[in-house]
1. Using each residue's phi in segment 17-28, evaluate 6.51 cos²θ - 1.76 cosθ + 1.60 at θ = phi - 60° and report the 3J(HN,Hα) Karplus result to the nearest Hz, with x for Gly and Pro.
2. If I model a spin label at Ile140 and Asp116 as a point 7 Å from the Cα along the Cα→Cβ vector, what separation in nanometres do I get?
3. Once label points are set 7 Å from the Cα along Cα→Cβ at both Leu60 and Thr27, what is their separation, rounded to one decimal in nm?
4. With +1 assigned to the C-beta of every Lys and Arg and -1 to the C-beta of every Asp and Glu, and no other charges, what is the dipole magnitude of the chain about the Cα centre in debye, to the nearest 20?
5. Calculated from DSSP H runs of 4 or more alone, at -39500 (n - 2.57) each and per residue, what is the 222 nm mean residue ellipticity of the chain, nearest 500?
6. Given H placed on each backbone N at 1.01 Å, which residues far from Asn54 in sequence or on other chains put an amide H within less than 5 Å of it?
7. Please arrange Asp83, Asp116 by how many other C-beta atoms lie within 10 Å of their C-beta, fewest to most.
Amino acid sequence: MSKLGKYFSLEELTVTHENLENNPGPTELLKLKELVKNILDPLREMINEPIAVNSGFRTLAINKAIGRAQNPISQHTKGEAADIECFDNANMFQVIREHFQFDQLIWEKGNDKQPDWVHVSYKANGNRNQILKYKNGKYIQL
Ligand SMILES: [Zn+2]
């Protein structure tokens, strides 16, 4: 297990169900470490429960294989984003919203009470603190 921070490993942040290699380059690896250091590790301590990473870094090939947007290029392919889940996703969404600097925070699918998962991204510079919610097939800004 190669650790990216206190609680998260490289294996967790590069998990994929596709039968393709998913190795970040040095730039993407640095960005993953920044994401862990600035959001995932402190978030884990704040909510005090395990956080599962459904998807972190994805190569362009994997991003394409799972049918995700090619334009704009997903922040997952840059090592800047993670899709995360815990016992109470809605609470985790609020904690991120209130306590962190982030680029994008997205309430993914689910309903008005709980998202199915939470997408969060972080950039070293120029974080937009943009908050979106997936509803009725499209993303709306909150
Ligand atoms: Zn995502």
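1. 9, 7, 8, 9, 5, 9, 9, x, x, x, 5, 5
2. Result: 1.9 nm between the two label points.
3. In this crude spin-label approximation the distance works out to 1.1 nm.
4. Numbers: 18 positive and 18 negative charges, 94 e Å.
That gives the chain a dipole magnitude of about 460 debye.
5. Numbers: 5 runs with 38 residues, N = 142.
When only DSSP H runs of four or more count, the value is -7000 deg cm²/dmol.
6. Sorted by chain and number, the residues that satisfy this are Asp83, Ile84, Glu85.
7. Numbers: Asp83 18, Asp116 14.
Ranked by crowding around the Cβ, least crowded first: Asp116, Asp83.
Every number in this text was worked out from the coordinates using simple rules, so none of it is lab data. Bear in mind the structure is a predicted one, so any value in this text is a computation, not a measurement. Neighbour counts run over all protein chains shown; Cβ positions are idealised from the backbone, glycine included.
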